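Accompanying notes for the structure given below.
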Amino acid sequence: LRKQDFDGAKKWLDKIKNPATTLTKKQQGYYNYLNGIMLSQTNLIQAEKYFKKAIELGLNMDMDLAVAKLNLAGVAMSRKRKLEATNLISEVKKLDKQGMLTDM
């Protein structure tokens, strides 16, 4: 994903036939997180489902959780759900340990 090779990453994720039985709970979280990141480029509604599932299953790193919630906030704003977006952004600010969102 660092090289923005979404097609290559999608190919690898597609090799996982049944993530619910093949992967542990945290791995399923990252599986959904990665799918959400890739879909956020093209289909926000479907990406929202993946990000919500990833948050539900859990992500190890606070920064990953912050990215997922920030993407969800963007989806909420685009769908005119300002209160939800504002709540998500405040959660993201709490997770931001490196101060990357100090301008927000």
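Filter the stretch 80-96 for residues that are out of contact with any Asp or Glu (no Cβ under 6 Å at 6 or more places or on another chain) and modelled with pLDDT under 90; which is farthest from ILE37 (Cα to Cα)?
Checking each candidate, the answer is LYS94.
When the stretch 18-41 is examined, which residues are found to be small (Gly, Ala, Ser) and either touching a residue at least 40 places away in the same chain (Cβ under 8 Å) or surrounded by 15 or more Cβ atoms within 10 Å (Cβ to Cβ) (or both)?
GLY29, GLY36, SER40
Residues in the stretch 16-31: is at least one over 18 Å from ALA68 (Cα atoms), in a loop (DSSP other than H, G, I, E, B) and at pLDDT below 85?
Taking every residue of the stretch 16-31 in turn, none turns out to be over 18 Å from ALA68 (Cα atoms), in a loop (DSSP other than H, G, I, E, B) and at pLDDT below 85.
With the requirement that a residue be acidic (Asp, Glu) and touching a Leu at 6+ places or on another chain (Cβ under 8 Å), what does the stretch 9-48 give you?
GLU48
Give the stretch 50-83 a look and list any residue that's within 9 Å of the chain's Cα centre (by Cα) and not charged (D, E, K, R), or say none.
Passing the criteria: TYR50, PHE51, ALA54, ILE55, LEU65, ALA66, VAL67, ALA68, LEU70, ASN71, LEU72.
The values are calculated or read from the model by the stated rules, or taken from the named source; none is laboratory data. A quick note: this is a predicted structure, and the numbers were derived from the prediction, not measured. Please note: Cβ atoms are built from the backbone with ideal geometry, for glycine as well, and neighbour counts cover all protein chains shown.
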